[in-house]
Amino acid sequence: MVSPRKYHHGNLKEAFLEAAREVLEADGLTGLSLRKTAEKIGVSHTAPKNHFGSMSGLLTALVTQGYAELADYMVADETAGADRCARRGTALAGYVDFATANPALYELMFARDRLVNDDPDLMREVGACFSILADVAKDLGWHTGPAEVVTGKSQIALWSFVHGYAQLITAGRFKKDNMKNLSVLDILPAISAKIPPDTPE
């Protein structure tokens, strides 16, 4: 039995999140529970419900934290006044770095059936990440057509590209010699500096 630790009520919620994250990364989602989280910090197994209400509430809080950190990773190495090409490289590399550093949390962030998807804090952090993605998806030069269509295609294409790469690398799928040691930027398709014409395809 874990001996109880004393926590001020103001930081108990943060303690729960820290403990839950440790369990998640060590034992996976199937090994995470409100009871195990409470036991890890030595409090009553009913205590997490006072802060999160349910398992979905706890997972949503974890994912909200994850998206906030992901946004930080995506701008972490950005220098003042960096152009969009440099911001794009920083964002994509940061996205993958976050996923590889937090594989279980990264997987949970896309498990929508386990979350309170209309939680305002979660929606705010997801929106912040998407704003970064929307910025760096401009001027790709991968598509042509009306500006609104090009914008949508570019955002989907770039997100699919970096998300797919992150999932594959965290799963350890790149084992061939000619795939090893390649970063997401090494395989990024050529990007045009020109904005595609605002004409139908």
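With respect to ASP177, is the statement that it is acidic (Asp, Glu) and over 15 Å from GLU69 (Cβ atoms) true?
Values: acidic (Asp, Glu): yes; over 15 Å from GLU69 (Cβ atoms): yes.
It is true that ASP177 is acidic (Asp, Glu) and over 15 Å from GLU69 (Cβ atoms).
Restricting to segment 85-113, give me the number of residues that are surrounded by fewer than 16 Cβ atoms within 10 Å (Cβ to Cβ) and either closer than 21 Å to TYR165 by Cα or in contact with a helix residue (DSSP H, G or I) (Cβ under 8 Å, 6 or more places away or on another chain) (or both). Break it down stepwise before answering.
First, pick out the residues of segment 85-113 that are surrounded by fewer than 16 Cβ atoms within 10 Å (Cβ to Cβ): 85-86, 100-101, 110-113.
Pick out the ones that are also either closer than 21 Å to TYR165 by Cα or in contact with a helix residue (DSSP H, G or I) (Cβ under 8 Å, 6 or more places away or on another chain) (or both) and you get 85-86, 100-101, 110-112.
Residues meeting the conditions: 7.
Let's see how each residue does on (1) touching a helix residue (DSSP H, G or I) at 6+ places or on another chain (Cβ under 6 Å); (2) more than 13 Å from VAL96 (Cα to Cα):
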{"site": "SER154", "(1), (2)": "no, yes"}
{"site": "ALA157", "(1), (2)": "no, yes"}
{"site": "PHE161", "(1), (2)": "no, no"}
{"site": "GLY164", "(1), (2)": "no, no"}
{"site": "LEU168", "(1), (2)": "no, no"}
{"site": "LYS175", "(1), (2)": "no, yes"}
{"site": "ASN181", "(1), (2)": "no, yes"}
{"site": "VAL184", "(1), (2)": "yes, no"}
{"site": "ALA190", "(1), (2)": "no, yes"}
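Here's the yes/no breakdown for (1) of a type in the set (Gly, Ala, Ser); (2) out of contact with any Gly (no Cβ under 6 Å at 6 or more places or on another chain):
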{"position": "HIS51", "(1), (2)": "no, yes"}
{"position": "THR60", "(1), (2)": "no, yes"}
{"position": "ALA76", "(1), (2)": "yes, no"}
{"position": "ARG88", "(1), (2)": "no, yes"}
{"position": "PHE130", "(1), (2)": "no, yes"}
{"position": "ALA137", "(1), (2)": "yes, yes"}
{"position": "VAL149", "(1), (2)": "no, yes"}
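Only residues that are aliphatic (A, V, I, L, M), in contact (Cβ under 8 Å) with a residue 12 or more places away in the chain and assigned to a helix (DSSP H, G or I): list them for segment 150-196, please.
VAL150, ALA157, LEU158, VAL162, ALA166, ILE169
Quick one: is ALA76 in contact with a helix residue (DSSP H, G or I) (Cβ under 6 Å, 6 or more places away or on another chain) and surrounded by 17 or more Cβ atoms within 10 Å (Cβ to Cβ)?
Numbers: in contact with a helix residue (DSSP H, G or I) (Cβ under 6 Å, 6 or more places away or on another chain): yes; surrounded by 17 or more Cβ atoms within 10 Å (Cβ to Cβ): no.
In short, no.
Restricting to segment 152-197, what's the tally of residues that are loosely packed, with under 15 Cβ neighbours inside 10 Å, within 20 Å of ALA104 (Cα to Cα) and modelled with pLDDT of 95 or more?
Of the residues in that region, 3 qualify.
When only residues in segment 131-148 that are in a helix (DSSP H, G or I) and touching a residue at least 12 places away in the same chain (Cβ under 8 Å) count, which is farthest from GLY94 (Cα to Cα)? Before the answer, list the steps.
We begin by selecting, within segment 131-148, every residue in a helix (DSSP H, G or I); these are 131-136, 147-148.
Going one step further and asking which of them are touching a residue at least 12 places away in the same chain (Cβ under 8 Å), we end up with 132-136, 147.
On the way: ILE132: 11, LEU133: 11, ALA134: 15, ASP135: 15, VAL136: 13, ALA147: 28 Å.
Checked segment 131-148; the qualifying residue farthest from GLY94 (Cα to Cα) is ALA147.
The values are calculated or read from the model by the stated rules, or taken from the named source; none is laboratory data. Here the structure is a predicted model, which means the values were calculated and not measured. When we count neighbours, we look across all protein chains shown, and the Cβ atoms used for this are built from the backbone with ideal geometry, even at glycine.
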